[in-house]
Each structure stands twice: as C-alpha cells, then as structure tokens.
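Only the coordinates and a few stated rules stand behind these numbers; no lab work does. Bear in mind the structure is a predicted one, so any value in this text is a computation, not a measurement. Counting neighbours? That spans all protein chains shown, and the Cβs are built from the backbone with ideal geometry, glycine included.
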Amino acid sequence: MGGCACATVLPSALFLDARHAAAIEAAEQLDLNGRLHLADVAMETAKGGGASYADFRLCRYQSEYFEVKEQRLEASATGLSAGFAVRVLLDGTWGYASSPLATEEEVKRATLRAIDVARASQRLQTRKFVLEDVPVYHDRWDMPMESDPFLVPVDQKIAKLMAINDAALKAGANYATASFAFVREEKFFASSRGSRIEQTRVRVMPETEVTVVDQATGHFASRAGFAAPRGSGYDYILGYDFIGEAAKAAEQAREKLKARPVVADDYDLVLDPTHLWLPIHESVGHPTELDRALGWEANYAGTTFVTPDKLGKLKYGSPLMNIVADRSQVGGLSTVGYDDDGVRAVGSEFSIVKDGIFVNYQMAIGQAQLIGQKSSNGCAFADSWSSFPIQRMPNVSLAPNPKKCSLDDLISGVKRGIYIMGNGSWSIDQQRHNFQFGGQVYYEIRNGKLGGMLRDVAYQSSTTEFWNSMDGLGDASTYFLGGAPNCGKGQPGQSAPVSHGAVPARFRKVAVLNTGRKDLS
Amino acid sequence: MILTEAAAQEITKKIVALSKADSCTVTISGYDNRHIRYAQNMATTNGAPAGIDINVESHFGKRSGSAGGNDLSDEGLAALVAASENTAKLAPENPEFMPPLGPQKYGTCTAFAAATREASSEALAAAIAPVLKQAEEKKLQAAGFLELGTSFSSFGTSAGLFVYDQETDLLHTVSVRTPDGTGSGWAGTTLTDFGKLDAAAMGAVAIDKAIRSQKPVKLPPGKYTVILEPSAVADLVGILVGGEFDQRSADEGRNFATKKGGGSRVGETVFGKNVTIYSDPNDPLVPGSIYSTDGLPAQRTVWIEEGVLKNLQCGRFWAQKSKRQPVPSPTTLTMTGGTTSTADMIKQTKRGLLITRFWYIREVDPQTVLLTGLTRDGVFLIEHGEITKPVCNFRFNESPVAMLNKIVALGPTVRTYGEESAGLPLAVPTLLVNDFTLSSVSDSV
C-alpha cells in the first residue's frame, strides 16, 4: 500500500456502526436549496483539492415490480434508492466516488475520496483527458406523462397482470408469466462550470410470456410478448392490448409445437419492427459509439469495425437506410432534457447513417476533439447515482420510407422467404460484424404470400452485408418503437434503457440455419 | 458501505419490532469498492463507489409484499416497513407462500481477506502500472479493469433467523491488442485476496496471446476438436448449472432435464462419466457465501457426479409439494479437474483449435440448451500436436449438455472468470472436447 497526502479517507472509515447508520439522511428529504448547497460543498471541496472540473449528481429512483405466474402473485415490490456521486478531473485524470449518505460531511468526504482516486491513478495517465466547453444551464425538465404509474393503485396493477395470464391460460397456455416494472428517475446535476439541472422521467416495462408443454414428447414452446418498454406513463399500459396478445401468444405457442422445421438455406427476410429494433440496436447503435471506436471499451463491450477513418465514407447500408439519433422522441427510453454530462439533449437530433452512408458517432464529453469534432452530442448516461457517466445510446431509429409502402407490399415482393416477428436469441461479435438473431414467430413466404408457421429459425449475417441487402422499407404508418430496458456496457457494468424506432424491412438472401439440432434432443 | 454484524443485526431487530405483519424477512447488503479502468495504455474511469440496500418483505397470512431502500434512519426504516406492509395488504393470497425460516446452522465464511478490504487507491495503481509498462514497451495497447470490493449481506426473519456474511472479492481482466488491429489477447480472474494478484503476469499472458494471434487465417466452420481454456469452460458450465438446473421447470416439462412422459432426469447419466460439478462454500479455490435462497445454509451440493445428474435447484414450496429436500441456489461452482496439462492436450491433438474465451452467449433453444456465442481474444490452430497458426474468430452453436458428453481430457481445476457467467465464483479445468460446433466465421478481432 502506498501513501498519499490525500488518502485520509481509508475504506475502513466507511464501516458503520448503528449509531452512524442512524444518521443517514435520504436524498429524497432534501429540497432544491438543500441540493444546491450540497452541490456547492462538492464544488468547493473539489476546487480546494485541485480539480480542474467537477460534477455532482444527486439522484433518487423510485421503483415498483409486480410479477404474476399463472394466477399466483410471485412478486410485489417497491423500491426507493437515493444517493450521490462526485466526479473530479484532476490534472487530466478522472476520479469519482459515491455514497447514499446525502449529508454535507459525507459529500466532502466522497469528494476527497474521488480526488484520492484520481491522484493515485495519475501515474497511469499517459494522455490527459481534456473536456470541451459546454454551455451552462439552469433548468428543470420533466417527462410529459398522462398517468403516473406510481399513483395507480397496486391492486389494479396486479389485477391487470392476473387478467393477462387468465387470457393466456384460457387460450391454451400451460404456463403464463406477466410482469410490470416501473421506475421514476429523478436527477439533480451540478457542474463546476455552473450548470444546475433537475430532471424527472418515468419508465414502464411490461413483460409477458406463455409456455405450452407436450408431455408425451417432452417438448415445449414459449412465446414472449411484443410490448416494448417505454418512457411513458401508465397510459401506455392501458392503451396496449395485452389481453388480446396473450390469447394470440398461447395460440401461436401451440402452433410452434407443430410447425415445420426450416430448411437451412439463403432466404429473403421480411423483418417486422417488433424484431428489427434489436438488430438496429446491436448492429448500428453499438458500432457507432465513439468510445468503442477509441478503444475505451476494448476489454469488455469491445471495439468496432466503424473506425474514425470511415466517417463520411462507409457505405453502411443501401440508400434506403437512414438512422437517426434523438433524445426527444415521445415514449423513448433515452428521451431526456440533458445528458449526464450536463449537455443539452433536447434538439440535438443527428443522423448516424444518411442515405446508407455513416455520418456521425454518438459521443459523450471529452471525446469529440479526438476525432476532430467540436463537442459532445449529448449521449452520456449513468445508470445509478453510484455510477460514472459513460457514452450510452440515445434513441437510435430506422427512419421510415418517405414513399408509401406497407408490410404487404414488402411481402408481395418475396418469392421464397421468411417473415419474422419478435425477438428470440441474439448475439453479435465484439466488433459488431458477425451476428445471429432469432425471433418469436416465423412464417414462410411463398410467391408473395404468407404461408404456414416455421420453427427452429435463426439467421446469420455480417453488419454491412446485411444492411446493404435491404431493398424494401415500410412507411411511417408501419412505425413501431421497440427498445431494451437493460443494455449492458462499461466496467463496472451499467444497464441503460434505450428505444429504437423501426419499420418493417426486407433483406435479400440472408443465411438461415436450422437450430433444432437432432443430435442434441 | 459496510455494516458490522452487530449493526446489521440491530437494524434487523428494529425492523422486526416495527413490523405489524404476521411475519417478515429483512435483507441488508452493502458494498465498498475501488476500481481502476484502463484503455489505450492509460487510466480512463477510476472510482470508489459505495452503497447499501435494505429490503423488507412483510406477510399477512399468505399475502406478501416487499419494499427496498437505502435510508437507514429510524424514519426511513419505519417508512420501509409501512411500504412493505401496504403492498402486502393489497396482494392476493399466494397459495405457494412459505413462512420465513427460524434459526439455521451456518458455517464460517472464508471468502474474506483483509488485504483486499484495506488496499488503497495507490496499491491498485501500483498493480496496474507494470501491465501498462509491458504493453508500452512492446508497442501494444492494453485495456483492462481492476476492481476490489468488500461486501456484506445479512438475512433475518421474524422467526428468529439471522445470518451475516462479509466477503471480499477482486476482479482483474486485461485485454491487449496489436496496433494493426489483427491481434488480441486476454487474461482474467476473480480472487478473494488482493495479496495473491499478479497483474503483471496476467498482462504478460494477454501480451503473448496478442502477439501470437496477429494476422489470423480463416478456417471453414464445422465440427472441431477444441481445447477450451478455463474462462470458456466457466461460461458454458456457469450458464448450464447456474441457470438451467431447476427442479420445478424440469418436473413441469419445460427444461432440458425433463423426462419424456413426465418427471425429471435426476438420477440418470446425462453427462460424460468424467464430469463432476459441485458447489462448496468452503472450497479454498472459490469460497462463497455461507447462505443462499431464503436464508437456507449454503452447503456442499453435488450437481453432477461422474456424469449422473444428482441435484437440481429446488425452492422450498416445490420441495414440500414434491416431497424433496429444498436445494438452494449455488453460491459457487467447482468442476473437478484432471491431470492433463494444456501442453499435453495440444500434443495429443492431431487437428484442433485452442480457444481462449467466449463472448455474447445467448440461449437459442431452451429444450436442448443450445447456445450461440463467439470466440474472442485468441484462437489457435493445432496440427499434429503443435500450435501452428492463429485463426479468425468463430461463432459457435453448441449445447453445454452435449459438450459435457464429449470431453476427452481435463486439466487441473483453477479459479477463473467467465464474462458471460459473471456473478458466480467458478473454478474449472481446461477441457479437451471433441466435435464442438463452430457455425460461421467472424471477421472481428
């Protein structure tokens, strides 16, 4: 163990006895003035410790989770987690510390701890981090919402889940699981540059799945629901036809057991937006993250084939392909007023792929100048009060075809193909070339018409080959906003919510494999 | 943020005293971590996060509700109890409700090392400095993550159970890439004791693999004899035993261990005779938590013995219903190894591949536990008993159930880290496996 003038906060100082524990003050009890005061304490302590930049995030997360299996309530849980993190830049080296104890004394201690970490890490700083200037904001942003899920009575939410499973069981499912998760995220951000920003947003995350079992053969099949998580109120839950889908899912799961196995070959694929949002996430969202291109994720999430020399040049996909990034789409899980670097996100929409050409990365603070650009485009996110903000995805969406085109139009242009709905399994390599995706249900397409259900389908391709094979795209009337509540990245691992808008699209001659390996059954 | 056992017990008692429910459980956990993250031979995001969580589950008859939070003040605890009780009162009766357990007998936790708890930020930086120096000297790019953590958890019930566990753990993973982008190597492990970390040696392994893996050749996909290094084995074994070994779903007909016509395959020879996998919280290689699901004591549990499926995880309700003993979730996993060194495995391989680790594994078919994923950070061709050249990465489509039936030789068991089975401490051997299905080639490095 080495010594350091600032190492006054040893880990053992955080071993609490009950007397200290009782002094914990929750961040939720602080009013704005209290938050502003703690921010000032952090800024002054950071400045006194020699930091050239500091920011302070005080956050509160309210959550609810309900899960019903068949007609049995499996989980009914509420949660409240509050705390803060201080991040300092000390002579070009980052350090941060976090704590759930939102007191003046603890903010000072955590700030010194962050400085201690940064100072100790300086010997490893062969290149210093430099932050660009960003405008200073004093603002409050609240996600618009019709019905606050936390104000809906608990028994109503449980009854809704019971009704969903009841519909599935009545329609022939042997097992049914339905859950709702709700999160309210409240963040207060302050930076040494002077910004003071408050934000609140809400996420609703429904999940359903039905399973049917054929005991005689020992086979079973499941069908997961298509309802996407959203940055919305409870009105989204009320507006979605969960009951109708549950019955349909049970019927389709039964059909799966008798479906014809696919013959492995190259097929034309028509991908429903309930499926395509995930290939967009994996094969466009992640490869165009600048931290990956800079090698900062090399040890975990990976790097990317989209290197900076390809900016403005790479033919990512066919001319029909337009990928847009935003943090303002209604219902988007990444929709927010300001990112976690304090960069204004509203109105910072940008293209990632324009007419098939790669034109822009997603960036957080301190990255843009490394590729000759001016500033961040507002893509920083920290998944908790205790996490370091890193570059995460905005809403990354496939723009609809400006010309009229329906799902039927796409299918009618296929002689021999497969129509895929929903997400099954998914996997992509660490530079985002080679991928394999499965769905929930697969239908054969023959001579422009949908046929019977297929099973054991997965397709493999590589990113640019796949997107360059796209020759059909649905119009705005076919748009669907999918998304994931838990995109993983970073070390320590962080989980980010992100939405992806998509329309149905047609891809030519994609390799399809049969996953029902006889040698395994 | 770490509570002492006395402090955790005092809070548990306060909550039980505040409770108006018929019964309740109290779970408290906290952590105090330090980490250095590095990439491109420099520190990137370095931190010292700390946190705490308390969860109260209240029961009125067969109605249950829970509330979690991190406010330890008296008002905070009272609010937590009230929130859990309000939720419970609104819940329908759960026919599968099991009352909280009373006092249990626990072992002593051995997963703790003072050197890990007390390490300073300087000590972390000092451990990483030689890794970066080696990479710089060879004009390579190192990226990695070193995290040291102290954590505690306690579980208490209104029926008088209280158990406390404090552990330390360490994770170090390092990737080294060549500047031309064609070579990449990796090393990684978890440990309990920071004093046992040799980060420089791990860096040397990653550097060696990065250099040797440069300019790989493409081989056609197909079935290959493979030598799976411990991280790759850990992923497959961790996903199978940690995630799929479930008695209830097997009995219900929706699991790989389901028997045709009903029931499970427990007691049958499902894997190769050379496969034995168990959990033991006192395993010196991978010590783990002394308690598991519902506060049940974590005990030595044999999951697979010489190929026979011996146990599946089984919750208390299902155990009662099916007249079995409950089998709590594993807190660690160990696969019994053999005596064949990796060098000897290479020597006995006429044609095959040596695989460093896997990436992005997902289940394709739960019926067969067919998994897909990719190789990463070093694949090497073996011809006539020698490594001859680096090979491009592959996507695999293979089931660990099948893989555990095709093992030809096992190396000694070592503690390792599987990126895709993160969370469960694992000790596994290197395996020589026949007919592993590699289904396509990846251009990624």
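Each helix, a run of at least 4 DSSP H residues, gives -39500 (n - 2.57); summed and divided by the residues of chain B, these come to -6500 deg cm²/dmol at 222 nm.
Taking only Cα atoms, what is the 0 to 90° angle, nearest 10, from helix A:154-170's long axis to the longest principal axis of chain A? With rounding to tens, the tilt is 20 degrees.
Value of Rg to Rh for the protein assembly as shown, rounded to two decimals, is 0.93; Kirkwood radius and Rg both from alpha-carbon coordinates. Taking a cut-off of 15 Å, what percent of all Cα-Cα pairs in region A:229-291 are separated by more than that? It works out to 75 percent of all Cα pairs. The calculated FRET efficiency for A:Glu465 paired with B:Ala82, based on their beta-carbon distance and R0 = 56 Å, is about 0.45. Count Lys and Arg as plus one, Asp and Glu as minus one, and take only other residues whose Cβ is under 10 Å from that of A:Trp426; the net charge is then 0. Qualifying trypsin sites (Lys or Arg not before Pro) in region B:284-378, where qualification requires a DSSP coil assignment and no more than 14 other C-beta atoms within 10 Å, comprise B:Arg300, B:Lys323, B:Lys350. Report, to the nearest 10°, how far helix A:242-258 tilts away from the longest principal axis of the Cα atoms in chain A, using its own Cα long axis and a range of 0 to 90°. Once rounded, one gets 60 degrees.
Normalised Debye scattering of region B:231-304 at q = 0.16 Å⁻¹ gives log10 I(q)/I(0) of -0.71, counting only Cα atoms as equal scatterers and leaving out solvent. Shape summary of region B:230-380, radius of gyration then Dmax from alpha carbon positions: 17.0, 52 Å. A cut-off under 11 angstrom between Cβ atoms defines the neighbours of B:Thr87, and their net charge, with Lys, Arg +1 and Asp, Glu -1, is -1. Give me the log10 of I(q) over I(0) for region B:176-215 at q = 0.20 Å⁻¹, as the Debye formula computes it from C-alpha points; what are the numbers? Those come out to -0.57, one per q. Shape index of region B:295-445: Rg/Rh, with Rg the Cα radius of gyration and Rh the Kirkwood radius from the inverse mean 1/r over Cα pairs, equals 1.02.
With distances taken between every two different alpha-carbon atoms, region B:68-141 has a Kirkwood hydrodynamic radius of 18.8 Å. The three principal axes of the Cα atoms in region B:178-257 give end-to-end lengths of 53, 44, 20 Å, sorted in falling order. Available extension along the chain between A:Lys374 and A:Ala216 is 50.4 nm, counting 0.36 nm per residue and deducting the alpha carbon span.
Three principal axis extents of chain B based on alpha-carbon atoms, in descending order, are 71, 60, 34 Å. Calculation over all alpha carbon pairs of region A:362-440 in 10 angstrom steps from 0 returns a P(r) of 13, 23, 33, 20, 11, 0 percent.
Each residue in B:Val433, A:Val41 was given a count of other beta-carbon atoms within 10 angstrom of its own, and listing them fewest first yields A:Val41, B:Val433. With an a/c value under 1.5 for the gyration tensor axes a ≥ b ≥ c computed over the alpha-carbon atoms, region A:446-485 is described as rounded.
From the largest down, region A:123-228 spans 67, 42, 20 angstrom on the principal axes of its Cα atoms. Residue by residue along A:508-516, Cβ atoms of other protein chains within 10 Å of the local Cβ number 2 on average. According to the Cα-based calculation, Rg over Rh for region B:104-236 is 1.13, with Rh computed by the Kirkwood formula. Annotation note: trypsin sites (Lys or Arg not before Pro) in region A:294-336 located in DSSP loop regions with a Cβ neighbour count of at most 11 within 10 Å are A:Lys313.
Working from the pairwise distances between different alpha carbons, so that the mean of 1/r is found and then inverted, what is region B:1-134's Kirkwood radius in Å? That comes to 17.9 Å for region B:1-134.
Where does the Debye-calculated log10 I(q)/I(0) of region A:276-396 sit at q = 0.11, 0.16, 0.18 Å⁻¹, using only Cα point scatterers of equal weight, no solvent? Each listed q corresponds, in turn, to -0.33, -0.73, -0.94. Our helix-only sum for chain A, with -39,500 (n - 2.57) per DSSP H run of n ≥ 4 divided by its residues, gives a mean residue ellipticity at 222 nm of -6000 deg cm²/dmol. Each Lys and Arg contributes +1 and each Asp and Glu -1, all at the Cβ; summed about the Cα centre of the protein assembly as shown, the dipole is approximately 2300 debye. Each label was represented as a point 7 Å from its Cα along the Cα-to-Cβ direction; for B:Thr339 and A:His37 these points are 7.2 nm apart.
For region A:327-471, pairs of C-alpha atoms spaced more than 20 angstrom apart make up 64 percent of the total.
Once the Kirkwood radius over Cα pairs is known for region B:369-445, the Stokes-Einstein relation at 4 °C and 1.567 mPa s delivers a diffusion coefficient of 92 µm²/s. Remark: mean inter-chain Cβ contacts per residue of A:414-426 equal 1, using a 10 Å Cβ-Cβ cutoff to other protein chain atoms. Volume per residue for chain A equals 171 cubic angstrom (convex hull of Cα atoms).
Under the convention that each Lys and Arg Cβ holds +1 and each Asp and Glu Cβ holds -1, the size of the dipole of region B:256-368 around its Cα centre is about 380 debye. The distance between label points at B:Arg212 and A:Tyr479 comes to 5.3 nm (points 7 Å beyond Cα on the Cα→Cβ vector). Between A:Lys313 and A:Arg260, the contour length at 0.36 nm per residue exceeds the Cα-Cα span by 14.8 nm.
Positive contributions from Lys and Arg (+1) and negative ones from Asp and Glu (-1), summed over other residues with Cβ under 9 Å from the Cβ of A:Val86, come out at +2.
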